[in-house]
1. What FRET efficiency do you get for residue 505 and residue 131 if R0 is 35 Å and r is their Cβ-Cβ distance, rounded to the nearest 0.05?
2. What are the ³J(HN,Hα) couplings of segment 451-465, residue after residue, when phi is run through the Karplus curve with 6.51, -1.76, 1.60 and θ = phi - 60°? Round to Hz, x for glycine and proline.
3. Taking the simple approach of a point 7 Å from Cα along Cα-to-Cβ for both residue 400 and residue 498, what is their distance in nm?
4. Based on the mean of other Cβ atoms within 10 Å per residue, sort peptides 212-218, 74-80, 411-417 so the most packed one is first.
5. Tally Lys/Arg at +1 and Asp/Glu at -1 over every other residue whose Cβ is under 11 Å from the Cβ of residue 112; what's the total?
6. Checking the cross-link filter: which lysines have an alpha carbon closer than 19 Å to that of residue 277, excluding same-chain neighbours under 8 positions apart?
7. How are the alpha carbon pair distances in segment 379-497 distributed across 10 Å bins from zero to the largest one, expressed in percent?
8. Would you mind putting 305-314, 399-408, 107-116, 423-432 in packing order, based on average other-beta-carbon counts within 10 Å, highest first?
Amino acid sequence: MVRIQDTLDTATLDSASTSAATGQDETIGQAAFDQRLDDRPQEQQASAGPSDPSVSEEVEDRLDAVKQQPELKLVVISNRIAPFDPNKPQTGGLAAALEPVVERSGAVWIGSSETRGDGIERPLPLVPTGAGHVARLDLPAADHAGYYRGYSNSTLWPALHSLPDQMSGSEEDYGSYRRINDFIARAAFDVRDRDAFWVHDYHLLPLGAELKDLGVERPTGFFLHTPWPTPDVIECVPNHRELMKSMLKYDLLGFQTSWDVDNFLACLRTHFGLESKDGVVTTERGQTRLQKFPIGIDPEQFAAYLAADLSPAEQEKVSSLLQKFQGAKFAIGVDRLDYTKGIDKRVEAFNELLKKEPQSISLLQIAPLSRADVDEYQNYKEDVENAINHVNDDHGTDKWRPIHYTNDSFSQAALARLYREAHVGVVTPLRDGMNLVAKEYVAAQDPEDPGVLVLSKFAGAAEDFNEDEALLVDPNDPKEIADAISRAANMPLEERVKRWRSMMDKIESYTIHDWSADYVRELDKNHVTVPADQCLNIGRGWTNVAQMPLYRNHAEALATYNEIDPADVALKEAARADEKKAYEALEARLMHTQGRLWELPIATASLSGRPEQEPGAG
């Protein structure tokens, strides 16, 4: 791919430029076109400078209109892909969140398959799914363990959840992590003609940089489903500076909460000396916008789950569980068996509660196995099961068991039924990006007789639900959790309804569809278009001249003009008139796509950590 310019001119808003389109191998007469631009009258080129107030107002009006852009043809990339089967258990919050986005929007979703491959590049295996397509890649076997079990889940996962003591892994893991990201990026290059790329979660932090290096110039965004930690914690991560540099190659970085955004900005200040203005970080690469997008659920779909028929096998499984409580009060916890979920502390809390209030309430703990091949997870499983056995031995009787524990997975429809019957929802992770179980539990409740949510103050959902709605607790304090469960189990109906109604209003006002639409709308702002007469230099910013509107017509007319013998004056003049007409049509229709809108800095900083003054910044 041939680019008109490889570096950004950051002198003014109108001369700022980056990409408009993904690369094509074909370009036509670039040198001739560049020369033609240089030959245009200087007063025409300079007529739209930033000093003209009327022009500035017109540009602002057009920028406001961008919010009405049509839906983009997205490429969604994540490590895991949803099963797209309502009767199959979801494999995590990310998969549950993205499935409706892909089914409804026509996106292409790229992720890993359950099969390991040989690393040979092949065409994307696109499979129609709803209005969209899914491509499951066989990630290279040679690097998969280092990428997934190693750097992603033994290094990044504990660090992002502010548990650096749980970190492990080898020096080779980071190399595997980068090579897998590079492999996925090369596969995604097959769909480079789509409008934008939306990359998800910590497995793929550097993927946007890999896409840019390949020549993909479409807008790229990233959304982190986990928390982002403080500067001292991220410093424990090997290659953390290189990772954050690669993240700044994205045009838009999305986080679950304000806490996460603030932490990331603090990391940039601490480790690079970078400052932000209104959530925008400017480096020599360009601008990266940081924003929170608190993920939601689809309450209408969840209501449909409550009415949906279960398979005979799952109906039997649900009925069997509910019969064990025989109408007595019970709380429910639904978590992957992961040390960040605080299940061990929750079990301790029930031990404390039952010491004071024997046989007052039971716990149904659903904990599907997670990353069973990672030692830390095996150890945690043993700790949790030993703690549960201890509580059951100390407080159980022949007819009553305090904690019912299962590693089975359940469909969303089955979970909805269990949530509705539970008097208390216990969501107490040590740290969590959002935790959709909290919102699902609320959505499943009977409006006339709702249960109560006990929620960790360190879950992202706690930024959505305040103390007048959920009972917020310190997940590291079993006594505080126990007191909250007791209060929830004995809360008067009027208070329960009031709390539930307030949370449900929030869930209904900002759904998973609002979340995805908001993110795509922000990502689409990188497609800001400005008419040619508003540009300081017409045509700047396009990465491939062959993709300019009406470029081919002008290129052909110019080639024809150049081929005519100057001695044939009449024919030369006619060709000149045709060339001029083609150029004027190009000029009139040409839209300048700006990937980044410069507000110009203040001093910006390079990623080396040394402050630099951008050209034209004063």
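All of the numbers you see were taken from the coordinates with simple rules; none came from a lab. Bear in mind that the values here come from a model prediction, so they are computed numbers and not experimental data. Heads up, the Cβs are rebuilt from the backbone with ideal geometry, glycines too, and the neighbour counts pull from every protein chain shown.
1. Calculated value: 0.70.
2. So the Karplus estimates, Gly and Pro as x, are x, 10, 9, 9, 10, 5, 6, 9, 8, x, 4, 5, 7, 8, 10 Hz.
3. Simple spin-label model gives 3.1 nm for this pair.
4. Sorting 212-218, 74-80, 411-417 by mean packing, highest first, produces 74-80, 411-417, 212-218.
5. Neighbourhood net charge equals +1.
6. 245, 249, 292, 525
7. 12, 38, 40, 9, 0
8. The packing order, highest mean first, is 423-432, 107-116, 399-408, 305-314.
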